[in-house]
Amino acid sequence: MTRKRIVATVAHRVAILAYVLFALFPLFWVLKISVTPNDLLYSEGVRLWPSRTVFDHFDFVIRHSDFPLFFRNSMIVSLSTAVIVTILSSLGGYAMSRFSFRGKFWIVGLMLLTQMFPLVMLIAPIFKILSPLGLTNSLSGLILVYVAFNVPFATFLMQSFFDGIPKDLEEAAMIDGATRFTAFRQIILPLTLPGMAATLGFVFTAAWSELLFALMLISGVDASTFPVGLLSFVSKFSVDFGQMMAAGVLALIPACLFFFFIQRYLVQGLTAGAVKG
Amino acid sequence: MTEAVNAAPYGRDRRPFLRRLASASEPYLYSAPALILIVTVMLVPLVIGISYAFRDMTLLDPFSGGFIGLDHFRALAKDKTFWQALKNTVYWTGYSVALQFCFGLILALLLDKPFRGRGLAQALCFLPWAVPSFLSGLNWAMLFNPIVGPIPHWLYGLGLMSAPDNLLSSPDHAMWGPIIANVWWGIPFFAITLLAALQSIPRDLYEAAAIDGATPFQRFRSITLPFLAPTIAITVMLRTVWIANFADLIVVMTNGGPADRTQIVASYIFTQAFRRLDFGYASAIAMVLLALLLVYSMLIVLLRQTLLRER
């Protein structure tokens with residue numbers, strides 16, 4: 001190896017390390033605050049790690065606060081949204097990928113439009129529509145809204161996964177007498193499982209983080225999701241940083257688990273889509 | 001093959017009528033559930049929302065709902081906060097997109113080279129993207145807080161600040177708080193899409209160029225950039241619209257303050273609807289934002305077409 005190449009390699013590794021540190025440092029700080037005892041919080045504000053660690057904040061959040069309830073609500077909402085969206089967008093994405101039909105142009109246009117306009121615009125009208133139906137302050141109302149918001153993008157994503165699977169496969173099955181739906185279910189769906197996993201994870205993360213509609217549509221503690229619960233913490237008179245960050249760590253766990261599970265597929269799936277498109 | 005069957009003249013298609021109907025309606029059946037939801041939960045409220053802009057609409061007043069014409073828009077023209085928010089939106093969107101894109105591109109280029117531990121490095125670098133936006137808002141608000149966060153002390157130590165104060169409460173620089181949080185959170189999105197595009201470039205092109213004696217910079221300019229250009233154009237455009245609408249970080253970190261210096265149009269809409277419950281005024285602001293974004297998208301499409309024609 002020449003000297004120039006060694007320098008280039010070292011620079012490359014240093015740059016990667018800088019990115020990793022930048023990405024992880026804020027999360028590290030959340031963890032640090034969540035294990036710092038209250039009496040050391042201010043006196044050791046700038047230290048990288050407190051001289052004594054405790055799990056009191058976690059203990060309080062799990063046993064004496066409403067966060068387990070918020071966690072359960074968020075889990076119900078995000079999982080249901082992710083499963084429903086994945087099913088609907090698999091069907092829709094398959095239609096977009098395999099058929100050319102009258103009105104397809106307008107349907108694609110409509111879905112693109114939904115990606116363009118400010119969703120905050122819908123906050124007031126959706127509240128007005130859902131309120132007489134009894135769907136405000138309820139988890140099912142939230143699920144309904146989240147499913148609709150996530151379906152367009154998920155459909156495009158699924159379409160790109162279907163585009164990567166040769167058409168001959170289901171055509172062969174249909175020549176052998178299977179209906180298209182059977183061919184879709186038994187041959188194509190198993191092949192797109194990685195794509196469906198990616199969609200599932202993507203939508204889960206989106207629903208898990210949604211804040212503004214949850215704030216507007218939910219007012220009671222019973223149906224509060226995690227973001228709403230955490231923000232009500234901030235608006236209290238004195239903020240208990242330790243408890244807040246302990247709750248934050250809890251909110252982070254499912255999102256990160258889902259992310260590590262899908263992140264391999266993300267680049268792959270988008271590569272397949274990019275090659276096709 | 002499907003297209004051939006569907007397009008066959010009716011005389012030659014000997015399948016029974018019901019079968020034919022079933023196969024003709026198949027694509028609609030597959031896409032119907034998604035479509036019905038999009039229309040009822042997004043399109044209908046959108047139309048209703050547009051009608052609110054011309055009505056006197058506050059949630060707590062049962063006598064509201066009357067048609068008031070352009071009154072909201074007249075009030076809007078005189079609303080100083082709105083004009084400030086418009087300026088802030090441009091600032092917020094411009095810096096966020098530019099920085100996310102630059103750092104995202106560099107990260108994608110770094111991760112495109114094979115090295116030991118690449119999988120892990122990639123997963124860790126992309127991790128901020130999985131962090132819920134409200135949490136990254138709280139997280140960065142805490143880092144900027146001089147009581148529990150290190151950043152003010154570091155800036156003070158470097159001599160960039162005269163005292164370790166909270167950046168978020170400084171009227172002149174508060175906007176940088178949400179922008180930095182947004183950049184941290186959004187780099188992975190650009191890195192993921194650009195990395196995907198990078199990996200679809202055929203490797204033999206680089207080898208051929210290297211044999212011909214092209215320098216790394218020449219290779220980047222004449223192979224990488226042209227291949228990435230379409231992805232860059234689409235992602236930057238979509239991201240710009242998305243970030244202009246993205247109010248979460250601002251609502252969480254500063255709530256528009258101090259003195260509306262970090263209020264962007266999207267967060268102003270939310271404030272009007274959520275805190276003041278003035279749905280009519282909120283919808284009027286939203287319509288202006290929608291119109292501006294439409295103009296922006298049209299300009300981009302036009303620009304793209306002229307560029308393509310010149311080629």
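Some points to look at:
The rows are residues; the columns are (1) out of contact with any Phe, Trp or Tyr (no Cβ under 8 Å at 6 or more places or on another chain); (2) surrounded by 21 or more Cβ atoms within 10 Å (Cβ to Cβ).
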| position | (1), (2) |
| --- | --- |
| B:ILE211 | yes, no |
| B:PRO216 | yes, no |
| B:ALA233 | yes, no |
| B:VAL236 | no, no |
| B:THR240 | no, no |
| B:THR254 | yes, yes |
| B:GLN263 | yes, yes |
| B:PHE279 | no, yes |
| B:ALA284 | no, yes |
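- Selection count where residues are facing chain A (nearest Cβ under 8 Å) and outside any helix (DSSP H, G or I), scope region B:246-290: 1
- Checking each residue in region A:14-41 for being of a type in the set (A, V, I, L, M), closer than 11 Å to A:GLY242 by Cβ and more than 7 Å from chain B (Cβ to nearest Cβ) picks out A:VAL35, A:LEU40.
- Residue check: A:ALA11 meets all listed conditions (1) outside any helix (DSSP H, G or I); (2) closer than 28 Å to B:LEU124 by Cα; (3) within 11 Å of chain B (Cβ to nearest Cβ) but one, namely (1).
- Of the candidates A:ILE165, A:ILE175, A:ILE187, the single residue that is β-branched (Val, Ile, Thr), free of Cβ contacts under 8 Å to residues at least 24 places away in the same chain and buried (at least 16 other Cβ atoms within 10 Å of the Cβ) is A:ILE187.
- The single condition among (1) in contact with a Leu (Cβ under 9 Å, 6 or more places away or on another chain); (2) under 30 Å from B:SER267 (Cα atoms); (3) surrounded by fewer than 22 Cβ atoms within 10 Å (Cβ to Cβ) that B:ALA191 does not satisfy is (3).
- Test: residue in region B:176-199 that is touching a residue at least 24 places away in the same chain (Cβ under 8 Å), of a type in the set (S, T, N, Q) and within 30 Å of B:ASN145 (Cα to Cα): yes
- From A:SER100, A:SER74, A:SER78, residue being within 7 Å of chain B (Cβ to nearest Cβ) and either surrounded by fewer than 19 Cβ atoms within 10 Å (Cβ to Cβ) or among the small types (Gly, Ala, Ser) (or both): A:SER100
- So A:VAL120, is it closer than 16 Å to B:TYR52 by Cα and crowded, with 24+ Cβ neighbours inside 10 Å: yes
- Close pairs from region A:110-132: first farther than 16 Å from B:VAL241 by Cα and at the interface with chain B (Cβ under 7 Å from one of its Cβ atoms), partner among the acidic types (Asp, Glu) and outside any loop (DSSP other than H, G, I, E, B), Cβ under 9 Å, at least 6 apart: A:ALA124/B:ASP278
- Residues being more than 30 Å from A:PHE71 (Cβ to Cβ) and in contact with an Asp or Glu (Cβ under 8 Å, 6 or more places away or on another chain) - total across region B:105-161: 2
- Identity of the residue in region B:129-151, in contact (Cβ under 8 Å) with a residue 40 or more places away in the chain and among the small types (Gly, Ala, Ser), that ends up nearest to B:ASN166 (Cα to Cα): B:ALA141
- Residue check for A:LEU69: in contact with a Ser or Thr (Cβ under 9 Å, 6 or more places away or on another chain), more than 27 Å from B:TRP242 (Cα to Cα) and part of a helix (DSSP H, G or I): yes
- Enumeration of residues in region B:113-127 that are among the small types (Gly, Ala, Ser) and facing another protein chain (nearest Cβ under 7 Å): B:ALA121, B:ALA123
- Some residue of region B:288-304 being closer than 27 Å to B:HIS72 by Cα, buried (at least 23 other Cβ atoms within 10 Å of the Cβ) and in contact with a Leu (Cβ under 7 Å, 6 or more places away or on another chain): no
- Among the residues making up region B:63-117, those that are in contact (Cβ under 8 Å) with a residue 40 or more places away in the chain and either farther than 30 Å from B:ALA197 by Cα or among the basic types (Lys, Arg) (or both) are B:SER64, B:ILE68, B:HIS72, B:PHE73, B:ALA75, B:LEU76, B:THR81, B:PHE82, B:GLN84, B:ALA85, B:LEU86, B:ASN88.
- Evaluation of B:TRP185 against (1) more than 19 Å from the chain's Cα centre (by Cα); (2) modelled with pLDDT of 85 or more; (3) within 19 Å of B:ILE264 (Cβ to Cβ) (one fails), failing number: (1)
- Residues being in contact (Cβ under 8 Å) with a residue 12 or more places away in the chain and within 13 Å of chain B (Cβ to nearest Cβ) - total across region A:43-56: 3
- Residues satisfying the stated conditions in region A:1-42, i.e. among the small types (Gly, Ala, Ser) and touching a residue at least 12 places away in the same chain (Cβ under 8 Å): A:SER34
The values are calculated or read from the model by the stated rules, or taken from the named source; none is laboratory data. Note that the coordinates shown come from a computational prediction; the quantities given were computed from them, not determined experimentally. Counting neighbours? That spans all protein chains shown, and the Cβs are built from the backbone with ideal geometry, glycine included.
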